[in-house]
Each structure stands twice: as C-alpha cells, then as structure tokens.
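*Asks:* Just passing along the structure, written as structure tokens.
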Amino acid sequence: MLLRNYRFSPRYGPEWGSGGVFGLRYHNGVLYFTLAFEAEAHFIRDGEEKTYDFTLVGDGPTSGGDTYNAVTAVDEYIYFGGWVHAPAVYKNRTISFVNKYSHVHAYDTENDTVRLLWKESIYHETDWTGEVSDIIYDPYGDRLLLAREDGHANLGVYALDRRTGKAEALMHEPALKGTPVHDSVFFGVGNNFVGGVREFRALDLITGKWETFEPGESVDGGPYIRPELGAMASAYNRAFAFVRGGLFVGNPFMGEDFTFFRLFDFYTFYAPFRVNAVNVGGGILTAFNAHHDAVYMSGNEEVAVNSRITNTIVGPSVLVYIAPPMVKIVGAFGARITSIEKAEGKILLGTNSAPNTGETEATPFDTGVRDIVLLDEKILQERPPAVSFSLPLSLPSRARNFGAGTFGGIPLDGYREPRAVFYLSSDNRVTVYEYDLSLPPTKAQAETFELKRGKNVLDLSYFSGIVSFELEKEDMKGKARIDLR
C-alpha cells in the first residue's frame, strides 16, 4: 500500500464537476476507499488490489459512488454507502437522475466478497432519493443507522438490518451526519446549501426515544450565519459538529448546551465540508476545505453572488487536530481534503484539486486530480506549518447586513510569530476576541485597537488560543492578511 502512487487523473464519470477519494477505512488488514465520480470501490490487502464497479446496483457504465464518507466497520465487514448512477445518463451537459440510487454494500474482509445490502431510487429525471451520507453502528440493536440529507425524498435517519437489508425510517428531518455519545447518537438536522444546522436530535439507543436541542450562542459573542454541516465526531463525552464558520460542541444530557466556537469563518464557502472527522490519540482530526463546492459559471445576479462566494479562495485547506482546550493546525493543503484515516502509524488523506459543481455544469468525466497522501502520525506533536489567509474585507462587511460580521477564528497554538495585517481604505477600529476550546466553554476576552488608513500590522503573539476579529465600520475596499509562522 505504501509503495503505490495513488493519483487519479480525470476519467469517465458523468456528474457535477469532481468527486474525490472517499470513505478511507483500514480494517482487518484491508484498506478500502471509493473513487468518485468513477464509481470504483478499491480494496487493498498485502499489495493486492481488487476493484468493484457498483454493477450490483444496476447496469454499467456507472458513476458516482460516495461523496460524504459513508462507511463503518463491524466484525469482519466494511459497510460502505452513498449513491450511484447505474447506468449513468449524460446528455446536453446535464445528468439524468432516473437511474440514481442510494446504496449500502457490505465487504467481507475474510472472504474478499462484496454484497449489495440495500438500494433505493425514486426514478425521477431531476430529483433523487436521499443519499446515504453517514453510517453509524448501533451496538445495542446490532443495526446500521443511515443519515440522509442530500436529496428530495426519503430524508432523515433510517435503521438498516445488516443481515436482511430491510430499512426502517426513524426520523424524517434531513440529517447529514451523526455521532454516538455514551448511549445516544446525536444528529445534525437541517438543509445544507440553504441554511445549515437548525437543531440537534439525539436518539436514545436503549429506549428508541428522540430529544431535540437547539444550537446556542458563540463564545465570542458574535452572531453566526449558515452553519452548514460537514462532519461530526465525539470525544470527552461531547458531540462535536463541524460546520461552515466553526463548530458546535456540547452534550445537553450533561448540562452543557451546544455552544458555537468560531473557526475559520471568512463568509465564503471555506468549510469542513465533504470530509470526515476521525478520533486519533484521544482527540479529533478533521479538515476545513478551501474549495469543495462551487458555482462554475456566473449568470444572473444571484448566481454571480454565489459564484463569487464559492470561488473566493482565502487560504489553503487545513488539517486540524482538536484536543481541548487546544485547536492546532497540523497540515496545509490545496483545494480540498476529502477523506481521513489512520493506519499503521500513518495518517492517510484523500485529496482533490477541484470542487463539486452545480446542476447546469455537468461533465462526462471527473474534472479533478485526486490522490492519497500519507503522513506520519508525529505531525500531531510537531510544530504547525506556515499558513496564510487573505480576506477581502468586503465579505465580513456585507455579512453585517445579516447581523453578522465577526470573522476569523484563527488557532494560534504552536505559532511563534503570528500577525494580522490590515490594509484599510479609511481609519477604523478592530476588536480582537481571544478564546479557546475550553470545556465547559468560557466567554472570549476582548480588546480593541485603533487602525489607520493604509497598512496596519497587529502582532498576534500577544494573544493565545484562538482569535477572531470585528471591525467597527465596514470597509468594502480593504483586505486582511493573517500570517502564521
């Protein structure tokens, strides 16, 4: 496995832009991943590789596979899910969804066999049944819990019998991801690409009852907008939900409401999206991506705005290690990280050079260069890499129209010479909020600085933990650059 050069150039796979390497899972001596949009499941053991083209779902040629890391492992089985076109139908730069299926497969690591456990379609030209975006094992009921948010029908949380393949709806609100905490599973509920997480719902695995919890305030006191959900994980008996602009952390059963910690909030689509979060060394490892979903072509005013927001690249994608109260950047990469796994002292990353695109921008082939990067686990204990962010101040200035505007959430742990440089079109003042990921949460400390028209350098080594920023007045022509060294 370590000697192979896993780099995948664009190949046949009709869909919207680019997919990626998803579902990385090392289990029982087998490394699994799905290559999207080619719809290829790969299984590697002892230098031997087997591929599966999803034709148990339907006829070929297939495309798709998985774009949310829907995978888990139980006993000798690797369960992998997602969605697939079988067969794919591409015409006039569009995709027909009449053959789009959601699916769950089981790979037997002992017998080297693949079995289709469940599939579902609504056979519609433009709409599709809810994709399987997460698979969580319920050890009490010995079943699989499927999270489904992306689609037009059959959304929510479903229980799947891992022997018979029978599926049963448990909750009908859209839920992209979930994570087990103690004897419950928390799910983030809401519609991505619209507003994001609006509530959390917890399923008691013993009684089968549901409870609902509202997300709370931000530790820096500033409003947040569009907390679109990317990944979830659990540690310290809390649920962690990574969203655009930061993360929610909490466990209401312990008396801690879900609190928002601003992290990499630039009012673009920079987000922990289409990537997973894994437990490593007792903490959580995940990524915030620079370019995961984007509008390729500008059109009317609304499309042009979305194009600008999704295509403004403010910084590299960052690999982040969460070990409260510390948040530490441990890697800097290109357009996006699509999957994370650990195996034999290594950290494996699926990466991609291109984003997923929109419905009118379909191509007959995947448009990205996807590869697997291997890192040593010792990066978690080393000094963080040099990272820079460059933000047009027009973005947080426009966010003031929606009651927001506080930006940043920059982790300083491990950096010796961090600084913020403000290039302003007029005199202004900036308030710096200083906080960390303490559990239970504590409110941020604030300090305000005078800024002059032109270039202003703010030494951030004076601060620790995480810092966010708020300008007193909008600046539609200015820029902020954050250098971490």
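This table checks each residue for (1) open to solvent by 40 Å² or more (accessible area, probe 1.4 Å); (2) under 23 Å from the mean Cα position of the chain (by Cα).
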position: THR338; (1), (2): no, yes
position: THR351; (1), (2): no, yes
position: GLU359; (1), (2): yes, yes
position: ASP371; (1), (2): no, yes
position: SER388; (1), (2): no, yes
position: ASN401; (1), (2): yes, no
position: PHE407; (1), (2): no, yes
position: ASN428; (1), (2): no, no
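*Asks:* Could you tell me which of the residues VAL132, VAL114, VAL157 is touching a residue at least 60 places away in the same chain (Cβ under 8 Å) and either assigned to a strand (DSSP E or B) or open to solvent by 30 Å² or more (accessible area, probe 1.4 Å) (or both)?
*Replies:* Only one candidate passes the filter, namely VAL114.
*Asks:* A further question on this structure: Would you mind telling me which numbered condition in (1) over 20 Å from VAL132 (Cβ atoms); (2) touching a Ser or Thr at 6+ places or on another chain (Cβ under 6 Å); (3) part of a strand (DSSP E or B) ASP220 fails?
*Replies:* Result: ASP220 passes all but (3).
*Asks:* Taking the condition of being farther than 19 Å from LEU348 by Cα, outside any loop (DSSP other than H, G, I, E, B) and open to solvent by 40 Å² or more (accessible area, probe 1.4 Å), how many residues in segment 1-49 meet it?
*Replies:* Of the residues in segment 1-49, 1 are farther than 19 Å from LEU348 by Cα, outside any loop (DSSP other than H, G, I, E, B) and open to solvent by 40 Å² or more (accessible area, probe 1.4 Å).
*Asks:* State all residues of segment 90-111 that are among the hydroxyl-bearing types (Ser, Thr, Tyr), buried (at least 23 other Cβ atoms within 10 Å of the Cβ) and more than 24 Å from the chain's Cα centre (by Cα); if no residue qualifies, say none.
*Replies:* Within segment 90-111, just TYR107 meets the criteria.
*Asks:* When the residues of segment 58-71 are narrowed to those that are surrounded by fewer than 24 Cβ atoms within 10 Å (Cβ to Cβ) and in contact with a Phe, Trp or Tyr (Cβ under 9 Å, 6 or more places away or on another chain), which ends up nearest to LEU145 (Cα to Cα)?
*Replies:* GLY58
*Asks:* Being outside any strand (DSSP E or B) and open to solvent by 50 Å² or more (accessible area, probe 1.4 Å) is the filter; apply it to segment 432-457 and report the residue that is farthest from ALA420 (Cα to Cα).
*Replies:* Residue satisfying both the conditions and the ranking: PRO440.
*Asks:* Could you please tell me which pairs satisfy a Cβ distance under 7 Å, a separation of 6+ or placement on different chains, a first residue in segment 9-29 that is touching a residue at least 12 places away in the same chain (Cβ under 8 Å) and within 21 Å of ALA106 (Cβ to Cβ), and a second residue that is of a type in the set (Phe, Trp, Tyr) and not in a loop (DSSP other than H, G, I, E, B)?
*Replies:* Every condition considered, the pairs that remain are VAL21/PHE33; PHE22/PHE33; GLY23/TYR32; GLY23/PHE33; GLY23/PHE80; LEU24/PHE33; ARG25/TYR32.
The values are calculated or read from the model by the stated rules, or taken from the named source; none is laboratory data. All figures in this text were calculated on a predicted structure; none of them were measured in a lab. Positions of Cβ are backbone-derived with ideal geometry, glycine not excepted, and every protein chain shown enters the neighbour counts. For the accessible areas, the whole protein counts, side chains as well, though only heavy atoms, and no ligand, DNA or RNA atoms are used. Shrake-Rupley method; radii C 1.70, N 1.55, O 1.52, S 1.80 Å.
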